[in-house]
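The values are calculated or read from the model by the stated rules, or taken from the named source; none is laboratory data. These numbers were taken from a predicted model, which means no experiment stands behind them. Neighbour counts are summed over all protein chains in view; Cβ atoms, including those assigned to glycine, are modelled from backbone coordinates with ideal geometry.
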Amino acid sequence: MKTSETVSGKSSGERPETAEDFLSFLTEEIHTVIAASTDDDGLPVTCAIDIMDSDENSLYFLTAKGKGFYRRLIKHPFISLTGVWGKDTMSSTAVSVRGYVEETDDTILARLLEKNPYMLEIYPTEESRKALSAFRLYEGSGEFFDLSSKPIVRKNFSFDSCHTVREEFFITDRCTGCGKCLASCSQQCIDSSALPFCIHNENCLMCGMCSEVCTGKAVIRRKTS
């Protein structure tokens, strides 16, 4: 895992905001992630990989053709991955992405090796590097989760024409303003200035306590785009 003094990796210290920002942060600051692919029984298999490059629509990584990970990608071309940046839990920022993958060509592989020269220590000869193949992750969606912020910050994003559907808690018109949800919210991200109360989902932990304590059943879980 790489380290940095700012969440964004930029000198200004600004938090990443766009899909391209999140993909760049995953590549440049986190770099090493845990990826889950699917075996022939439909079960998840995890491994550690390095995200070696990105652009506004894609993430790029490589693997060796003899590995089980390579075979799983070819047969089941969809993965999910998560990377965490920070010294400990309370200073951590996580980025999760899921999307389709495709094998690319030698031009992309050469670019990844040039940008990540440490791979030349693992595969030191031209002959040994023939074992490598580069992949592109595309049509993806993800979540940025910053636990170092008070309150926490959670952002959803998508890229390469992927349509994102996310879950959130929502307070309906059944809200009476009793205030039980306010007392239960660990992040104090509920606005009580008007009825119905409003949840700031960007700061919500999705713990569900507001829904649990609402006797009027005004808080619902919904999917939104």
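If we keep just the residues of segment 93-107 that are under 12 Å from LEU62 (Cα atoms) and over 23 Å from the mean Cα position of the chain (by Cα), which is surrounded by the most Cβ atoms within 10 Å (Cβ to Cβ)? This residue is ASP106. Outside the structural domain of CYS207 (by TED's automatic domain parsing) and either closer than 28 Å to THR224 by Cα or touching a residue at least 40 places away in the same chain (Cβ under 8 Å) (or both), is that true of GLY68? Here the answer is no, as GLY68 does not meet what is asked. Within segment 204-218, not a single residue is under 24 Å from the mean Cα position of the chain (by Cα) and among the acidic types (Asp, Glu). Scan segment 122-145 and tell me whether some residue there is farther than 30 Å from PHE61 by Cα, surrounded by fewer than 18 Cβ atoms within 10 Å (Cβ to Cβ), free of Cβ contacts under 8 Å to residues at least 40 places away in the same chain and not hydroxyl-bearing (Ser, Thr, Tyr). No, every residue in segment 122-145 fails to be farther than 30 Å from PHE61 by Cα, surrounded by fewer than 18 Cβ atoms within 10 Å (Cβ to Cβ), free of Cβ contacts under 8 Å to residues at least 40 places away in the same chain and not hydroxyl-bearing (Ser, Thr, Tyr). Scanning segment 131-169 for residues that are touching a strand residue (DSSP E or B) at 6+ places or on another chain (Cβ under 8 Å), within 24 Å of MET90 (Cα to Cα) and among the hydroxyl-bearing types (Ser, Thr, Tyr) gives a single hit, SER148. For the structure I just gave you, tell me whether LYS150 is assigned by TED's automatic domain parsing to the domain that holds ILE51, outside any loop (DSSP other than H, G, I, E, B) and not acidic (Asp, Glu). The answer is no for LYS150.
Results for (1) surrounded by fewer than 19 Cβ atoms within 10 Å (Cβ to Cβ); (2) touching a His at 6+ places or on another chain (Cβ under 8 Å); (3) under 18 Å from SER158 (Cβ atoms), shown as yes or no for each residue.
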site: GLU14; (1), (2), (3): yes, no, no
site: THR18; (1), (2), (3): yes, no, yes
site: HIS31; (1), (2), (3): yes, no, no
site: ALA36; (1), (2), (3): yes, no, no
site: VAL45; (1), (2), (3): yes, no, no
site: ASP53; (1), (2), (3): no, no, no
site: GLY66; (1), (2), (3): yes, no, no
site: HIS76; (1), (2), (3): yes, no, no
site: THR89; (1), (2), (3): yes, no, no
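Taking strands (runs of 3 or more DSSP E) that do not extend beyond segment 30-91, which have at least 1 residues that are farther than 25 Å from SER161 by Cα and at pLDDT 95 or above?
Values: elements: 32-38, 44-50, 53-55, 58-64, 78-85.
Fully inside segment 30-91 and qualifying: 32-38, 44-50, 58-64, 78-85.
Please go through segment 153-182 and pick out each residue that is outside any loop (DSSP other than H, G, I, E, B) and surrounded by fewer than 14 Cβ atoms within 10 Å (Cβ to Cβ). If the condition is that a residue be outside any loop (DSSP other than H, G, I, E, B) and surrounded by fewer than 14 Cβ atoms within 10 Å (Cβ to Cβ), then GLU167 is the only one that fits.
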